[in-house]
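Have a look at the structure below, then the notes.
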Amino acid sequence: MSENAPPEGGLAEAREELIRRGYLRPGGETSGRPVWSALRVVVLAALASLVLAVGQVSAARAEPVLVVLLLAAYLPLFAIAFGLLARTGNWLARVLLRLGGEPGVVAGTLAGCAGVASIILVFALLSGTTAAVSELLPGVATSAAFGVAVAVVVRRALFTRLAYRAGARSAGPSAWIAPVTVFLGAFASLLWAGRPGVPPTEADAAFPPASGRVAVIAVDGLSREELDAVQHIPGSSSLSEVAAWGWAPLEGLGGRLPAVAWTTIACGVEPARHGVVELEEVRLFGARRGVPISPAARTILLALWRPLGAAEAVARPALARRAATFWEMASRAGCPVSVGGWWGSWPVRRLLGEVASERAWLAGDASPDAASPALVDIVREGWAASPGVPAATDRLAVALAHRLPAHGAHLLAVSLPALDLEQRGAGAAPPLVRLAAAPAHLAAIAEVVTSARVAGHAVWLLGIPWHGGTPFVAASSAPPGRQGAIDARELAGTWLDQLGLPTPAGAQPPRRALSGIKGTAVGVAAYGPPPPPLVAPPPAALATQREVLRSLGYLR
């Protein structure tokens, strides 16, 4: 046969058969089947929605039924996203082919880009639901495996459009084995990470009587550098004395949200164990339960479903906290406590002592779920006599410290957030006004310290700045000078040890170099879960609390 002769076989008949089957358009361009393209988009959207729903519910350890609600909420979002991705990929493929690109190279390149984009999108929405690295790794693995699956699907779909159908089939089913196996393994690890934890151990039946007295003063917005500088401010002799106490930098706060950091300190465990990772949760389709999700995911879901009345954001109450605080543990051991304004103290729980929760502190609420009966008048008077939230919190902290001799509490835990509140409201007040208010707030801190010292308590001052500076803890019982950094999880056990009570089971050992306690430790004991609330917050209180936190700058 001559070299220039046409090859044998009916090429025209073959071409007509390919056109009839839909593999070629009459003009010669290859074509896949649109119905299969749409099905692939829906399958990928459902898979991505399932990954996010399971990951976020597992990280929050929420009710499994919420997976269905999140799946339904995410599905339209991902269907639109992958539909746009498919259209963009087809358009880019045609452009690259006309520029001389090889079908295999074009399909592989675009598939890789689609896989990377999918990994970034899924992980950006999945992250933020947990603060524990060990629980974040399954999400990373699942996002990566999902990206591989997207890349395989996109490559095969594009190669079907760009080349002969048999070429796309040449790889065979074996091409799916590796990505499917990796995805299933990663997805199983995501489920395992969110498995129900070990039920909290019941509290021990007996504890030794408390022998010490401790006052813990939490100051939001104060750095160590600022404490060192207060000695130059007139009338701050008490704080100058605090600056001379032994102190240590504070590490392991668990996040940049005040609620997360202060709950980590109060419970002595990381956020993955105490359960407070967000200040608000999203409730979908009228459900009475919500899920704390990442800010990016929350913004997207609310933008998509809130106009339809199918989604709302509410403040996440302290009922979500799964670990007991140091004041609840002390109360369970028979130690009288007095608590004011600490994050996680709302709603008021059954304990030996009195509590004015952060809701009473920040909003002046004297309802039964917000303040103990003995503190109702103090909350109302403090708010009635103070112009603005920062001044009200100062008055309440001072009033609670003055009650120590009469109340006889062995443990005082009080929060002074005024400095932080002034900074969060910086846009609403001129700088000179804020600077003029700072001495008043410093004077309130000094008065609380003095009252606690006079009552015979060992005083601890904690400062956490949110706008730069060194977080720190200073103790009147510590020898002067700086010590090595202390983990936030060590403090709860240290304070209980200073009270003469056992260290919580599974907690960090106490830092006796700061507490100054000598002799043999009392031992280790199980303090059990948080006590039940005195009164459950009414539904309207959740919405009100969210508006309070938003107006103060804690929520966006």
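Side notes on the structure shown:
- Matching residues in the range 300-334 - criterion: being over 15 Å from the mean Cα position of the chain (by Cα) and not hydrophobic (A, V, I, L, M, F, W, C): Arg306, Pro307, Gly309, Glu312, Thr325, Glu328, Ser331, Arg332, Gly334
- Residues in the range 499-556 that are polar (S, T, N, Q) and outside the structural domain of Arg256 (by TED's automatic domain parsing) were compared, and the one that is surrounded by the fewest Cβ atoms within 10 Å (Cβ to Cβ) is Ser551.
- Taking each residue of the range 393-421 that is assigned to a loop (DSSP other than H, G, I, E, B) and looking for partners that are crowded, with 21+ Cβ neighbours inside 10 Å and charged (D, E, K, R) with beta-carbon atoms closer than 6 Å, six or more apart or interchain, yields His410/Arg213; Pro417/Asp220.
- The number of residues in the range 336-345 being within 21 Å of the chain's Cα centre (by Cα) and either among the acidic types (Asp, Glu) or over 13 Å from Ala324 (Cα atoms) (or both) comes to 2.
- Reported count of residues in the range 499-556, each being of a type outside the set (A, V, I, L, M, F, W, C) and within 30 Å of Glu422 (Cβ to Cβ), is 10.
- Just one of the listed residues (Ala356, Ala296, Ala374) is surrounded by 21 or more Cβ atoms within 10 Å (Cβ to Cβ) and either more than 20 Å from the chain's Cα centre (by Cα) or aliphatic (A, V, I, L, M) (or both), and it is Ala356.
- Subset of the range 346-364 [touching a residue at least 60 places away in the same chain (Cβ under 8 Å) and of a type outside the set (A, V, I, L, M, F, W, C)]: Pro347, Arg349, Arg350, Arg359
To keep it simple, each residue is scored yes or no on (1) modelled with pLDDT under 95; (2) assigned to a helix (DSSP H, G or I); (3) more than 17 Å from Ala409 (Cα to Cα); (4) assigned by TED's automatic domain parsing to the domain that holds Leu419.
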site: Met329; (1), (2), (3), (4): no, yes, no, yes
site: Trp343; (1), (2), (3), (4): yes, no, yes, yes
site: Pro368; (1), (2), (3), (4): yes, no, yes, no
site: Gly382; (1), (2), (3), (4): yes, yes, yes, no
site: Pro387; (1), (2), (3), (4): yes, no, yes, no
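- Selection status of Glu13, acidic (Asp, Glu) and either more than 28 Å from the chain's Cα centre (by Cα) or modelled with pLDDT of 80 or more (or both): yes
- Residue within the range 237-244 that is closer than 23 Å to Glu358 by Cα and at pLDDT 90 or above present: no
- Candidates Pro509, Pro530, Pro539 - the one that is farther than 26 Å from Asp220 by Cα and out of contact with any His (no Cβ under 9 Å at 6 or more places or on another chain): Pro539
- Residue under evaluation Met1, criteria (1) aliphatic (A, V, I, L, M); (2) outside the structural domain of Ile120 (by TED's automatic domain parsing); (3) modelled with pLDDT of 60 or more, criterion not met: (3)
The values are calculated or read from the model by the stated rules, or taken from the named source; none is laboratory data. The structure presented is a predicted model; accordingly, all values stated were derived computationally and were not measured. No Cβ is skipped: glycine too gets one built from the backbone with ideal geometry, and neighbour counts run over all protein chains shown.
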